[in-house]
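S.K.: Below is one structure. I have some questions about it.
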Amino acid sequence: MEKNIYITTPIYYVNDKPHVGHAYTSIACDSLARFYKMLGKKVFFLTGTDEHGLKIQQSAKEKNIDTQSFVDLMSKKFHDLTSVLMLTNDDFIRTTSEKHKEGARQFWSSLEEKGEIYLDKYSGWYSIRDEAYYQEDELIDGKAPTGGSVDWVEEPSYFFRLSKYQKPLLDFYSKNPNFVYPQSRFNEVIKFVERGLKDLSISRTSFTWGVDIPSKKGHVMYVWLDALTNYITALGYPDNSSEKLKKNWPANYHIVGKDILRFHAIYWPAFLMAAEMRLPSQIIAHGWWTVEKEKMSKSIGNVVDPIDIIDRIGLDSFRYFLLREVPFGNDGDFSKHAIISRINSELSNNIGNFINRVYAMSTSNFGNQIPRYGQFLESEKKIELKILETVEQYKYYFLNVEFSKALGAMIELVSAGNKYIDTMQPWSLAKENQTERLSTILRLMLETIRIVCTMTYPIMPLASVKVLKSLSCFDGDENLSYESLKNINFLSDGSPIEKIDLLFPKIDKKLS
RNA sequence: GACGGUGUAGCUCAGGGGUAGAGCGACGCUCUCAUAAGGCGUAAGUCGGAGGUUCAAAUCCUCCCACCGUCACCA
């Protein structure tokens, strides 16, 4: 049984509606999933919502609705977004679902049976204003660093023996030097663990909205323990004979925001070691988006609603911008200027116009039929070489989750195509009735378009499929293949070319 | 404060001992098939600063300056 490529987003906390950051994570995962499918792999792609915790309970109370209705409502917003973004996720897990809660409890019991959990007291200086605990040495003049007053509080709590896993984790890290991407983040994780780990408080008694602990009434599970197990409960855990679990676990990619890296790179592996389960292959931490150089925040009121922006510039452009603008792992700036300049120059002027000019010449000279190849000269061989080179780079970068570079390679190919056309001057050949040359050149450019639009499929599924259909070479998403990128004789002689509307109109006006 | 990273053309960044690179932007020229798109070209940097090693340093070493990240229970 060949293992599937298992890709996950974090489960999103339903305290607020989705913003561009959520969309970003999901789109990255989706593009990766689509790419792997083109490689011929079976993929399982999971996303969902995290619905427990004190904050949720409070938010629901403020809005005067019962907690379950509140999370139903909020979760739906995230679920709706999966279709808006055209995610190809195979499941959508909710932590309030019975199957998840049962799995989480079983995970807990398994840790408990193995002696990895013990009951003690959780204590610290608590600031009501900040809703946060502080260490003794963090206090300034007996107050929180934020200036809020603090009280000493103690509550009974279960602890996970995290301290025990310092050495095993460090060993694991050194044996798996690519466990965390990017490397700089991995270094931070390693440093953190090297400084020593304290046991982790993993239950709360101060609120009730969470997964009940099997053995002790009044305790609910610490949200992170609850949340992280979603990656296995979605696969049918604790049923170890579950086909889904066997085929997918361990995960190939947990893609997360940099803010929650620690939970995925330290706690989660430790939990799994304790439960004697296999560890995920790679944790990918991406950066954050600012908006016009400002941090996104409700108080500034600059939170970008993905649905709103998609209404303006279209899904493909949105997905393209996010994955192209910034090296994956870095922070990015979601600015009007950057979006317009990126979309207009690369999508409209480069790709869009390229397709348009080739289509126009093809249809005016050869009717609505795919022209045939004649003899190849050096100039054509050079293009073929460029294609093969590009396709290799594209794959290399994609496998390294360097979306931006993969797209950069693709754009370079389009530029080479544009240049080739200018050099060949097919419009002159048409006037001179050099039909075979003309036919050869246009066919090669149509193949290039096909290849480019197959490469863009994981990022821009709508536009890609539209173009491939228009070239009579689309046979369903599931039949798109990476292999076809290496074949410059893929289209069928004489098949129809269908005219298409402008693929990427300029977007200046839509954003102003 | 400790540890790590970054500082290269107006902007975003690549390069990493042997006479400074790309994309975008600006400016100029040009084809006309095309979304006033494409192609070609020009300008622009004493490669954060100061020392040092070397025949030779943006590239290695030391110090300094500036900025960023991490330093546990914050979704």
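S.K.: Among A:LYS217, A:LYS293, which is the only one that is surrounded by fewer than 17 Cβ atoms within 10 Å (Cβ to Cβ) and within 16 Å of RNA strand B (Cβ to nearest atom)?
M.R.: Result of the check over A:LYS217, A:LYS293: A:LYS293.
S.K.: Please verify whether segment A:28-43 includes one or more residues that are assigned by TED's automatic domain parsing to the domain that holds A:LYS99, under 20 Å from A:TYR397 (Cα atoms), under 17 Å from the mean Cα position of the chain (by Cα) and part of a strand (DSSP E or B).
M.R.: Yes, there is a match, as at least one residue in segment A:28-43 is assigned by TED's automatic domain parsing to the domain that holds A:LYS99, under 20 Å from A:TYR397 (Cα atoms), under 17 Å from the mean Cα position of the chain (by Cα) and part of a strand (DSSP E or B).
S.K.: Still on this model: Please specify each residue of segment A:1-27 satisfying the condition of being open to solvent by 20 Å² or more (accessible area, probe 1.4 Å), within 16 Å of RNA strand B (Cβ to nearest atom) and part of a loop (DSSP other than H, G, I, E, B).
M.R.: Answer for segment A:1-27, where residues must be open to solvent by 20 Å² or more (accessible area, probe 1.4 Å), within 16 Å of RNA strand B (Cβ to nearest atom) and part of a loop (DSSP other than H, G, I, E, B): A:ASN15, A:ASP16, A:LYS17, A:HIS19.
S.K.: Give just the number: which of (1) in a helix (DSSP H, G or I); (2) touching a residue at least 40 places away in the same chain (Cβ under 8 Å); (3) open to solvent by 10 Å² or more (accessible area, probe 1.4 Å); (4) more than 10 Å from RNA strand B (Cβ to nearest atom) does A:THR454 not satisfy?
M.R.: (3)
S.K.: Residues in segment A:168-184: is at least one under 25 Å from A:ASP120 (Cα atoms) and either out of contact with any Cys (no Cβ under 7 Å at 6 or more places or on another chain) or among the polar types (S, T, N, Q) (or both)? Break it down into steps so the answer makes sense when it comes.
M.R.: If we filter segment A:168-184 for residues that are under 25 Å from A:ASP120 (Cα atoms), which is where we start, we get A:168-169.
Subset that is either out of contact with any Cys (no Cβ under 7 Å at 6 or more places or on another chain) or among the polar types (S, T, N, Q) (or both): A:168-169.
Yes, some residue in segment A:168-184 is under 25 Å from A:ASP120 (Cα atoms) and either out of contact with any Cys (no Cβ under 7 Å at 6 or more places or on another chain) or among the polar types (S, T, N, Q) (or both).
S.K.: Being under 13 Å from A:TYR24 (Cα atoms) and either under 16 Å from the mean Cα position of the chain (by Cα) or not in a loop (DSSP other than H, G, I, E, B) (or both) is the filter here; which residues of segment A:285-308 pass it?
M.R.: Those that are under 13 Å from A:TYR24 (Cα atoms) and either under 16 Å from the mean Cα position of the chain (by Cα) or not in a loop (DSSP other than H, G, I, E, B) (or both): A:ALA285, A:HIS286, A:GLY287, A:TRP288, A:TRP289, A:THR290, A:PRO306, A:ILE307.
S.K.: Of all residues in segment A:364-378, count the ones that are over 39 Å from the mean Cα position of the chain (by Cα) and either among the β-branched types (Val, Ile, Thr) or near RNA strand B (Cβ under 9 Å from one of its atoms) (or both).
M.R.: Result for segment A:364-378: 1.
S.K.: Restricting to segment A:472-497, count the residues that are outside any helix (DSSP H, G or I) and either away from RNA strand B (no atom under 16 Å from the Cβ) or among the aromatic types (Phe, Trp, Tyr) (or both).
M.R.: 18
S.K.: Within segment A:229-245, identify whether any single residue is away from RNA strand B (no atom under 15 Å from the Cβ), open to solvent by less than 10 Å² (accessible area, probe 1.4 Å), part of a loop (DSSP other than H, G, I, E, B) and assigned by TED's automatic domain parsing to the domain that holds A:HIS52, and answer yes or no.
M.R.: yes
S.K.: Just to check your reading of the model, which residue among A:GLN57, A:GLN68 is within 15 Å of RNA strand B (Cβ to nearest atom), part of a helix (DSSP H, G or I) and surrounded by fewer than 20 Cβ atoms within 10 Å (Cβ to Cβ)?
M.R.: Criteria check complete, one pass: A:GLN57.
S.K.: How many residues are closer than 25 Å to A:GLU2 by Cβ and assigned to a helix (DSSP H, G or I) if we restrict to segment A:44-54?
M.R.: Residues in segment A:44-54 being closer than 25 Å to A:GLU2 by Cβ and assigned to a helix (DSSP H, G or I): 0 in total.
The values are calculated or read from the model by the stated rules, or taken from the named source; none is laboratory data. Because the structure is predicted, anything quoted here is derived from the model rather than measured. Backbone-built Cβ (ideal geometry, glycine too); neighbour counts: all protein chains shown. Heavy atoms of the whole protein, side chains included, go into the accessibility calculation; ligands, DNA and RNA do not. Shrake-Rupley method; radii C 1.70, N 1.55, O 1.52, S 1.80 Å.
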